[in-house]
1. Quick one: in the stretch 73-92, of everything that is at pLDDT 95 or above and not in a strand (DSSP E or B), which residue is surrounded by the fewest Cβ atoms within 10 Å (Cβ to Cβ)?
2. Can you name the residue in the stretch 109-147 that is under 29 Å from residue 190 (Cβ atoms) and more than 12 Å from the chain's Cα centre (by Cα) and is also modelled with the highest pLDDT among such residues?
3. Residue check: is residue 98 over 19 Å from the mean Cα position of the chain (by Cα), at pLDDT 85 or above and either part of a loop (DSSP other than H, G, I, E, B) or over 22 Å from residue 121 (Cβ atoms) (or both)?
């Protein structure tokens, strides 16, 4: 229970970090010309919407008295996200992103407490992130997220770009309070744990 409480606190902190970035962006936008915010800009905030598909594997660990199971075979999912980035140098920026994904028919909400971007060229950026995730499976579950990827946005594409990421969601723990939870000697314990590995490919739109 202490672990669940700690994860909830981390999730809330990450949420408010993302909310602060979004609020700051709205204030900045009132006094900033959006056309003056190029791909590798060093002033103002950059708002971006992301959507695409994911190929993922999942693992559900409920039988605590048995060995941890292997990840499942690959499945297809989708995601939708909104991101805010603030440049901190001519070649790097930090920000936050809130995204929604569907894993095994249930919704996962991920809040990136830190999403770091590094400019590689005029068209390419690399990114890495850490955050907290909430998974709506039977009863709410909370855990950690991390990942890295590459963003591609050539000048001739205007506001559009592409993104590839590798993502990992771990220790997504929940209390076994649902009548759907299996019972029996192998299922002793108060918690069950989910984990996901995903590769995403999607489209970005820069406002």
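1. The residue in question is 73.
2. Ranking the candidates gives 142 first.
3. No.
This table checks each residue for (1) in contact (Cβ under 8 Å) with a residue 60 or more places away in the chain; (2) farther than 25 Å from residue 88 by Cβ; (3) buried (at least 21 other Cβ atoms within 10 Å of the Cβ).
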| residue | (1), (2), (3) |
| --- | --- |
| 109 | no, yes, no |
| 112 | yes, no, yes |
| 117 | no, no, yes |
| 122 | yes, no, no |
| 126 | no, no, no |
| 150 | no, no, no |
| 157 | no, no, no |
| 166 | no, no, no |
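The values are calculated or read from the model by the stated rules, or taken from the named source; none is laboratory data. Bear in mind that the values here come from a model prediction, so they are computed numbers and not experimental data. Using ideal geometry, Cβ is built from the backbone for each residue, glycine included, and neighbour counts are taken over all protein chains shown.
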